[in-house]
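The values are calculated or read from the model by the stated rules, or taken from the named source; none is laboratory data. Everything numeric here is computed off the predicted structure, so don't read it as measured data. A quick note on method: Cβ atoms are made from the backbone with ideal geometry, for glycine too, and the neighbour counts reach across all protein chains shown.
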Amino acid sequence: MREGGRIAASVMGAVSGFIKPGISTLEIDQLTEKLIIERGAKPSFKGFEEYKFSSCVNVNEGVVHGIPKKNIVLKPGDVVKVDLGVLYKSFNTDTAFSCLVKGGSDGESDFKEKERFLKVGREALSKAIGQCKIGNRIGDISAQIQRTVERAGYGVVEELVGHGLGKSLHEDPQVPGLGKPHKGVLLREGMTLAIEVIYTMGGSEIVLDDDGWTLSTLDGKIAGLFEHTVSLSKKGVEVLTLGCCLC
């Protein structure tokens, strides 16, 4: 999983540098698949529950599971989220990042607010990972995400969670973005978890789009997504996908 995590991080780094106005979400997915395969791994998402793509790409109000499409073309000011999984030597790693599309005129009045919004997501993920200690509980991670996001005036999406992973892409335990400290599953040596910060500028309610996959905010407000795969040991927490959240 450490090797797979390095692959995921390098792919996500390359993808983040590819994002610019005029690029379609389908082109992002095509690059993602190409880079994963070139590195000797397989896309975890492709074929999972009959999903046909190697990544999920969401724009603005899209939260998760966005189907890459040729007709969704990025423009300055868009908030784009890329989520990918890498299957390497029978083990999965999972990572995601959000980024503000630059270019054109950067004079939009809401650019600074969007940048602040994404900064909060990165901070929430970092602080949540800091709670990944043997002897802590899932609730310590969840409460930290909730505290960081809500104090900044944003909302956590309750219906979507992080998760364990390994030989399967989704394993127990679930890692919610809301919770109470010292509650939930005990964190033990050897656990591997996908820690996810899934949040919005508005309400927490989401709706399934007509494509049967994409989940978007009900109120149309912008959403953010940040995710790392981590491993717990007596030496501390190791971020296996470190280096991917570049935007």
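Note on segment 126-147: residues that are within 14 Å of P176 (Cβ to Cβ) and either under 17 Å from the mean Cα position of the chain (by Cα) or among the acidic types (D, E) (or both) amount to 7.
Condition check for T148 on (1) assigned to a strand (DSSP E or B); (2) more than 19 Å from E238 (Cβ to Cβ); (3) of a type outside the set (D, E): one failure, at (1).
With the structure loaded, tell me whether L118 is closer than 17 Å to D78 by Cα, over 14 Å from the mean Cα position of the chain (by Cα) and either modelled with pLDDT under 95 or not polar (S, T, N, Q) (or both) or whether it fails that test.
No; evaluated as a whole, the condition is false for this residue.
In the set (1) in contact with a Gly (Cβ under 6 Å, 6 or more places away or on another chain); (2) farther than 28 Å from D211 by Cβ, the condition left unmet by A128 is number (1). Can you pull out every residue in segment 195-213 that is of a type in the set (A, V, I, L, M) and either modelled with pLDDT under 95 or out of contact with any Leu (no Cβ under 7 Å at 6 or more places or on another chain) (or both)? Across segment 195-213, the qualifying residue is only M201. The residue of segment 176-194 that is nearest to K235 (Cα to Cα), among those that are touching a strand residue (DSSP E or B) at 6+ places or on another chain (Cβ under 7 Å) and either without any contact (Cβ under 8 Å) to a residue 40 or more places away in the chain or of a type in the set (S, T, Y) (or both), is T192.
Restricting attention to segment 218-229, does a residue exist that is over 16 Å from the mean Cα position of the chain (by Cα) and closer than 21 Å to C99 by Cβ? Give the steps one after another, and end with the answer.
First, pick out the residues of segment 218-229 that are over 16 Å from the mean Cα position of the chain (by Cα): 218-221.
From what is left, the residues that are closer than 21 Å to C99 by Cβ are 220-221.
Yes: one or more hits.
Taking residues in segment 126-143 that are without any contact (Cβ under 8 Å) to a residue 60 or more places away in the chain and closer than 24 Å to F97 by Cβ, and partners anywhere that are part of a helix (DSSP H, G or I) and among the polar types (S, T, N, Q), the pairs with Cβ atoms closer than 6 Å and at least 6 places apart or on different chains are K127/Q144; K127/T148; Q131/Q144.
When you go through S216, S231, S168 one by one, which is the residue that is under 26 Å from A41 (Cβ atoms), modelled with pLDDT of 95 or more, in contact with a Leu (Cβ under 9 Å, 6 or more places away or on another chain) and of a type in the set (G, A, S)?
Among S216, S231, S168, only S231 is under 26 Å from A41 (Cβ atoms), modelled with pLDDT of 95 or more, in contact with a Leu (Cβ under 9 Å, 6 or more places away or on another chain) and of a type in the set (G, A, S).
Applying a threshold of 7 Å to beta carbon distances and a minimum spacing of six or more residues, or different chains, the list of pairs starting in segment 11-24 at a residue that is within 17 Å of I72 (Cα to Cα) and ending at one that is hydroxyl-bearing (S, T, Y) reads V15/T32. Of all the listed residues (V156, V161, V197, V101), the sole one being touching a residue at least 40 places away in the same chain (Cβ under 8 Å) and farther than 22 Å from A9 by Cβ is V156. Screening K46 with (1) farther than 13 Å from L169 by Cα; (2) surrounded by fewer than 21 Cβ atoms within 10 Å (Cβ to Cβ); (3) within 17 Å of the chain's Cα centre (by Cα); (4) in contact (Cβ under 8 Å) with a residue 12 or more places away in the chain gives one miss only, at (1).
Scanning segment 24-41 for residues that are in contact with a strand residue (DSSP E or B) (Cβ under 7 Å, 6 or more places away or on another chain) and crowded, with 17+ Cβ neighbours inside 10 Å, which turns out nearest to L87 (Cα to Cα)?
Just the residues of segment 24-41 that are in contact with a strand residue (DSSP E or B) (Cβ under 7 Å, 6 or more places away or on another chain), to begin with: 24-25, 28-29, 32-33, 36, 41.
Imposing the further condition that a residue be crowded, with 17+ Cβ neighbours inside 10 Å reduces the set to 25, 28-29, 32-33, 36, 41.
Values: T25: 22, I28: 19, D29: 16, T32: 13, E33: 12, I36: 9, A41: 6 Å.
Top of the filtered list is A41.
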